[in-house]
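Working notes, structure below.
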Amino acid sequence: MDMHFDQHISRQFNEDLESIKTEMLEMGGMVTRQVADAVESLANADSELAEKVLNVEKEIDRREMEIDEHATLIIAKRQPAASDLRMVMSVIRIARDLERVGDEASKIAKMAIALTDEGTAPRGYTEIRHIANAVRKMLNDSLDAYTRFDVKSALATLAEDEQVDMDYRTAVRELITYMMEDPRSISRVMNVLWSLRSLERIGDHAKNICEQVVYLVEGADIRHGNEDNLRTF
């Protein structure tokens, strides 16, 4: 009788862990779609799509709060140890990063609305699409690595952030030069620059998710450049 009870508790605990993991991945799907729509609204001067992105933000915020609450209850009720605790903590941290990705997507949508009112910017859309494709891939790959507990894939995706940062700096230099040559474009091009900044930050959050994959699987904390905590994978 006691053994059956223990097995039931263990099964329920596993279901709790799978539940918050599923909630987080569903949130990830919403945020990924939000980023794609934000970029499209900017590139196509689609204020209606931009408004849709802004409306989704409240739902993403709500989901992050629910995940945080569910994870807190699991810790309080189950008192997980070792790898199970890492699972719960990684879900909390990733949900926080996803919520911030949603914030950045909303910022891009606001820039899209501003550009719809002011008129499209003369430069920067090629760079927007290029960097957006890169960070969306990073975001998708980081969540996929989490789903499969794939450390090698996480590390490979994490390394892509360096190229995103380089492309971002190059784009910023080119757009600043353009604004100096044509001061009339400053207001509109600044909206593009802020959008590029948001995309660069989304890449940073995807990198953070990759770091959580390493933390979950290996127990190694490689945040803040602490790669010395890595073993050879």
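Would you call D84 surrounded by fewer than 21 Cβ atoms within 10 Å (Cβ to Cβ) and in a helix (DSSP H, G or I)?
Here the answer is yes, as D84 does meet what is asked.
Could you give every pair whose Cβ atoms fall below 6 Å, whose first residue belongs to segment 207-224 and is more than 20 Å from P80 (Cβ to Cβ) and open to solvent by less than 50 Å² (accessible area, probe 1.4 Å), and whose second residue is of a type in the set (S, T, Y) and at pLDDT 85 or above, counting only separations of at least 6 or pairs across chains?
Listed pairs, sorted by first residue: I209/S142; C210/S142; C210/T157.
If you check D144 against the conditions, is it modelled with pLDDT of 95 or more, among the charged types (D, E, K, R), open to solvent by less than 30 Å² (accessible area, probe 1.4 Å) and on the phi < 0 side of the Ramachandran plot?
no
Looking at D144, D103, which one is closer than 30 Å to V214 by Cβ and touching a residue at least 12 places away in the same chain (Cβ under 8 Å)?
D103
I'm checking my understanding of the structure. Among residues of segment 119-139 that are closer than 17 Å to S198 by Cα and of a type in the set (S, T, N, Q), which one is surrounded by the fewest Cβ atoms within 10 Å (Cβ to Cβ)?
T126
Can you give me the number of residues within segment 34-61 that are open to solvent by 10 Å² or more (accessible area, probe 1.4 Å), under 25 Å from I128 (Cα atoms) and in contact (Cβ under 8 Å) with a residue 12 or more places away in the chain?
11
Among (1) open to solvent by 60 Å² or more (accessible area, probe 1.4 Å); (2) at pLDDT 95 or above, there is one condition H4 misses while meeting the rest; what is its number?
(2)
If you check D165, D150, D182, which single one turns out to be among the acidic types (D, E), without any contact (Cβ under 8 Å) to a residue 60 or more places away in the chain and either open to solvent by 60 Å² or more (accessible area, probe 1.4 Å) or on the phi < 0 side of the Ramachandran plot (or both)?
Going through D165, D150, D182 in turn, the sole match is D165.
Looking at R129, R201, R169, R184 in this structure, which one is of a type in the set (K, R), part of a helix (DSSP H, G or I), out of contact with any Asp or Glu (no Cβ under 6 Å at 6 or more places or on another chain) and modelled with pLDDT of 95 or more?
Answer to the selection: R169.
The values are calculated or read from the model by the stated rules, or taken from the named source; none is laboratory data. Given the structure is predicted, the values throughout are model-derived calculations rather than measurements. For neighbour counting, all protein chains shown are included, and Cβ atoms are generated from backbone atoms with ideal geometry for every residue, glycine included. These area figures cover heavy atoms from the full protein model, side chains too; ligands, DNA and RNA do not enter into them. Shrake-Rupley method; radii C 1.70, N 1.55, O 1.52, S 1.80 Å.
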